[in-house]
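The values are calculated or read from the model by the stated rules, or taken from the named source; none is laboratory data. These numbers were taken from a predicted model, which means no experiment stands behind them. Heads up, the Cβs are rebuilt from the backbone with ideal geometry, glycines too, and the neighbour counts pull from every protein chain shown. Remember, those area values only see protein heavy atoms, side chains included, never the ligands or the DNA or RNA. Shrake-Rupley method; radii C 1.70, N 1.55, O 1.52, S 1.80 Å.
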Amino acid sequence: MAVPFDFTPLFAPNLPAPAVKWNGFPRYNFVGGHNDAEHVPVEGLMAAANAVLKREGRTLATYGLASGPLGYRPLREFLSAKLKRHAGIVCAPDDILITSGSLQALDLVNGILLARGDTVLIEQETYGGALTRLARLGVNVIGVPLDREGLRMDALSSALDDLKRRGIRAKYIYTIPTVQNPTGAIMGEQRRAELLRLAHAHGVPIFEDECYSDLIWDGRRPPALYAMANGGGVIHIGSFSKSVSPALRVGYIVGGWDILSRMLALKTDAGSGALEQMVLAEFCSAEFDAHVPKLTSGLRAKLETLMEALAEQFGTAAEFEDPKGGIYLWVKLPEAVDTLKLAQAALAAGIAINPGPEWTADKAYGKSRLRICFANPSKATIRQGVAELAKICSREFGVPTRIANVARADGGQM
Ligand SMILES: Cc1ncc(COP(=O)(O)O)c(C=O)c1O
């Protein structure tokens, strides 16, 4: 039998809180960025794996295959062509670094730029994974309000002016311009030009995070900020998580050698998983453009189910914009609702939701908001989950007062 040993006094200082053990997915899983299981292109991935392994399997003998530390070259070639075709980005395969998901890309960008006490500008509603990273790094975060088209330029301009007055140069402006997480906003081309102008005038780089830009219902993706700036002062990251599969853990960074060389020196994993890169390159080169519309039409149908279920179960208590793409709906409930508490009560009943304060720079602003990911649950599960959530919300906060158009017995006075 193992002799008990206490590691606690040996732990390094400033470790994050311990992880909680995984006990399986909740019955109604509306959290995280999971994808639609029906649209994982399993057959295509199997054929791709077979073909690429038969042809090049022996290159697995060396770290980095035969491609070097930037990642599998055919995948970087695919990306270079795709980014040109879809986002107007002109970059060579050697301007792309393959990472273990775009989360590693976030870590590498932060790693080369940020130190404790630095300041960054971010979108007021933003990706929770970015917020937790910045908090852990001890960075000052300034949230800039959004509207239906994303970052508000008047607010950004005054935030930049304010920093200038205080003698502070922000390290970057972090934005998710195309299908923003969580709001779903898409920044138009004119606003992108204004953003670049402001950033340039203040000498602040832009950190462009684009993992949802393939998932636009009408397929009309504006040019990337990286493209519009010809790469000057912009770092662009992306991912295959939302377009193919998050479990594969493949993302990428686009930038010049001046920054990629600094990131490579920090990327101490001796290369991201090679098999995933090989299979993706083989699959995507032939099938990516045909695969994506099938995925997005399935997602759009699930979103419609979700919006209908919310309207039916919450009535006017749930406010939201119909997003132009993506996998999330950002919902505003009445002020009485505290979504941190709602999330706890819902989880006890097997319903997982993302409470707004974890997705906003300003926690008070997020208090009555929540993010619902609709990609993974089936339409029936979406309907049932929303009905259950309405019951719990009504029990805990007295709203909605009518569920599925039936008034509550106590008239909602509790
Ligand atoms: C805006 C944004 N960036 C990055 C990521 C990280 O994704 P991944 O590491 O799977 O590429 C996510 C995941 O949901 C995200 O929403």
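Panel note: the C-alpha atoms of segment 280-414, placed on their principal axes, show extents of 59, 33, 27 Å (largest first). Distance between the 7 Å Cα→Cβ label points at residue 90 and residue 165: 4.1 nm.
What accessible area per residue, rounded to a whole number of Å², is obtained for the chain using a probe radius of 1.4 Å? Ligands and nucleic acids excluded, the figure is 47 Å² per residue.
Counting only C-alpha contacts under 8 Å and six or more residues apart, can you give the relative contact order of segment 100-154 as a whole percent?
36
When only Cα pairs below 8 angstrom with a gap of at least 6 residues are kept, the chain shows a relative contact order of 22 percent. In 5 Å bins starting at 0, how do the alpha-carbon pair distances of segment 232-327 split up by percent? That works out to 2, 10, 14, 16, 14, 13, 11, 9, 6, 4, 1, in percent per bin. Can you work out the PRE-style zone for residue 264? Point 7 Å along Cα to Cβ, and I want the residues of segment 41-70 with backbone N under 18 Å. Backbone N within reach: 62-70.
With Cβ to Cβ distances under 12 Å as the rule, what net charge do the other residues near residue 132 carry (K, R +1; D, E -1)? Present the calculation step by step, with values, prior to reporting the outcome.
Working: positive: 133, 136; negative: 107, 358.
For residues surrounding residue 132, the net value is 0.
Placing dummy labels 7 Å off each Cα toward the beta-carbon, the span from residue 308 to residue 17 is 3.9 nm. With a cut-off of 13 Å between beta carbons, the residues surrounding residue 286 carry a summed charge of -3, where Lys and Arg count +1 and Asp and Glu -1. Can you work out the FRET efficiency for the pair residue 379 and residue 43, with r the C-beta to C-beta distance and R0 = 30 Å, to the nearest 0.05? For R0 = 30 Å, the calculated efficiency reads 0.80. Computed from the C-beta positions of residue 220 and residue 197 and an R0 of 22 Å, the FRET efficiency is 0.45 to the nearest 0.05.
Need the full-extension length gain, residue 62 to residue 285, defined as separation in residues times 0.36 nm minus the C-alpha distance. One decimal, nm. Please report the intermediate quantities before stating the final value.
Details: separation 223, 0.36 × 223 = 80.28 nm, distance 2.37 nm.
Separation in residues times 0.36 nm, less the Cα-Cα distance, equals 77.9 nm.
If the chain between residue 135 and residue 81 were fully stretched, how many nm would it gain, using 0.36 nm times the residue separation less the Cα-Cα distance?
Details: separation 54, 0.36 × 54 = 19.44 nm, distance 3.59 nm.
Gain in length upon complete extension: 15.8 nm.
Taken one residue at a time, the phi angles of segment 177-187 give Karplus couplings (6.51, -1.76, 1.60, θ = phi - 60°) of x, 10, 6, 4, 9, x, 7, x, 5, 10, 7 Hz. Gly and Pro are set to x.
Between residue 363 and residue 3, the modelled labels are 4.4 nm apart [label points 7 Å from Cα along Cα→Cβ].
Using a probe radius of 1.4 angstrom, the carbon and sulfur fraction of the accessible surface of the chain is 55%. At q = 0.16, 0.19 Å⁻¹, what is the log10 ratio I(q)/I(0) for segment 225-270, with the Debye formula run over Cα points and no solvent? Normalising to I(0) and taking log10 leaves -0.56, -0.74. Computed across the chain, the Kirkwood hydrodynamic radius from all distinct Cα-Cα pairs reaches 22.8 Å.
Give a quick list of trypsin sites (Lys or Arg not before Pro) in segment 24-116 that DSSP marks as loop, anything other than H, G, I, E or B, with at most 16 other Cβ atoms within 10 Å.
Values: sites: 27, 54, 55, 58, 76, 82, 84, 85, 116; in loops: 27, 116.
Listed in order of number, the matching sites are 27, 116.
Taking the Cα centre of segment 93-165 as reference, the dipole from Cβ charges on Lys and Arg (+1) and Asp and Glu (-1) amounts to some 320 debye. The loop-placed trypsin sites (Lys or Arg not before Pro) in segment 127-169, going by DSSP, that have at most 15 neighbouring Cβ atoms within 10 Å of their Cβ come out as 148, 166, 169.
Quick check: net charge around residue 239, other residues with Cβ under 14 Å of its Cβ, Lys/Arg +1 and Asp/Glu -1? Please list the in-between numbers first.
Details: positive: 82, 242, 249; negative: 107, 208, 209, 210, 214, 276.
Residues near residue 239 contribute -3 overall.
As a quick test, which of the pairs 21/294; 242/363; 341/379; 267/341; 164/332; 267/363 have an alpha carbon distance above 30 angstrom in this structure? Could you put the intermediate results ahead of the total?
Working: 21/294 35 Å; 242/363 27 Å; 341/379 26 Å; 267/341 39 Å; 164/332 34 Å; 267/363 33 Å.
Correct reply: 21/294; 267/341; 164/332; 267/363.
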